[in-house]
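Structure record follows, encoded as C-alpha cells.
The values are calculated or read from the model by the stated rules, or taken from the named source; none is laboratory data. As the structure is a computational prediction, the values presented were derived from the model and not from experiment. All Cβ positions, even for glycine, are placed from backbone atoms using ideal geometry, and neighbour counts span all protein chains on display.
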Amino acid sequence: MTEPRWLTPAELKAWMAFVAATTLLDGALDRQLQRDSGMPHAYYLILAMLSDAANHTLRMSELAAATQSSQSRLSHAVTRLEREGWVSRRPCPDDRRSTFATLTPEGLDALRRAAPGHVGTVRDNLFDALTPEQVGQLEAICRAMLGRLTRDPDATPMPGVCP
C-alpha cells in the first residue's frame, strides 16, 4: 500500500481556511434566504437553474446534476416548490422515464424577490472582502477545481455542466 501524500503545513492551512469559509458562507446564504424569502438555499438554486434554462424547463435528471442533488432529494424539493406554486412538473412526451420541471411565473417572481438579498449576502461575505485581482484568482482556482472534479478542463460553472 502506498503512503498517502499528506498535506504540507501550507496546504493544510489553506484547506482549513477553505472549509471554514465555504461552510460559513453556505450557512449565511441559507439563513438570509430563510429569513427574507422563506426558502432554503437549495430551493433558491433550483429556481435559479430553471430560470436560466431554455423555456425555464429542465429534465429532472439535468436539474439534479446542475444542483448536485440526488434524484430523491430533488424530487422532495420540487414537491415542496410545486406546493408553493413555483414549479410544475410534467412527463416528457418522448421518454416516459423522464419528467420535466418548469419554473412558473409565480416561481420567477419569488426568485426575483429573493435575488437582491441573496446577491447582497454574497457580496457582503465574499466579493467585498476581495480585491479585483483576488476575484480573478478565485475564478481561476474554481475553474481549475471544476476541471479536475468534472474531468473536463473546459468545464464551466452551472447550469447543468457540473455532473
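Out of the residues in segment 65-77 that are surrounded by 21 or more Cβ atoms within 10 Å (Cβ to Cβ) and either in contact (Cβ under 8 Å) with a residue 40 or more places away in the chain or small (Gly, Ala, Ser) (or both), which is nearest to Val122 (Cα to Cα)? Out of the qualifying residues, it is Ala66. Annotation note: of Leu149, Leu111, Leu47, the sole residue that is within 16 Å of the chain's Cα centre (by Cα), aliphatic (A, V, I, L, M) and modelled with pLDDT under 90 is Leu149. One residue stands out in segment 126-150 among those that are out of contact with any Phe, Trp or Tyr (no Cβ under 9 Å at 6 or more places or on another chain) and of a type in the set (Val, Ile, Thr): the one that is surrounded by the fewest Cβ atoms within 10 Å (Cβ to Cβ), namely Thr131.
The residue of segment 1-28 that is surrounded by the most Cβ atoms within 10 Å (Cβ to Cβ), among those that are part of a helix (DSSP H, G or I) and either of a type in the set (Gly, Ala, Ser) or in contact with a Phe, Trp or Tyr (Cβ under 8 Å, 6 or more places away or on another chain) (or both), is Ala28.
Name the residue, out of Arg123, Arg80, Arg112, Arg90, that is surrounded by 14 or more Cβ atoms within 10 Å (Cβ to Cβ), basic (Lys, Arg) and free of Cβ contacts under 8 Å to residues at least 60 places away in the same chain.
Values: Arg123 fails: surrounded by 14 or more Cβ atoms within 10 Å (Cβ to Cβ); Arg112 fails: surrounded by 14 or more Cβ atoms within 10 Å (Cβ to Cβ); Arg90 fails: surrounded by 14 or more Cβ atoms within 10 Å (Cβ to Cβ).
When all the criteria are applied, what remains is Arg80.
Selection over segment 29-64 of residues that are surrounded by 15 or more Cβ atoms within 10 Å (Cβ to Cβ) and either touching a Gly at 6+ places or on another chain (Cβ under 6 Å) or among the basic types (Lys, Arg) (or both) gives a count of 5. Could you please let me know if Gly117 is at pLDDT 95 or above, under 20 Å from His41 (Cβ atoms), in a helix (DSSP H, G or I) and of a type outside the set (Lys, Arg)? Criteria met by Gly117.
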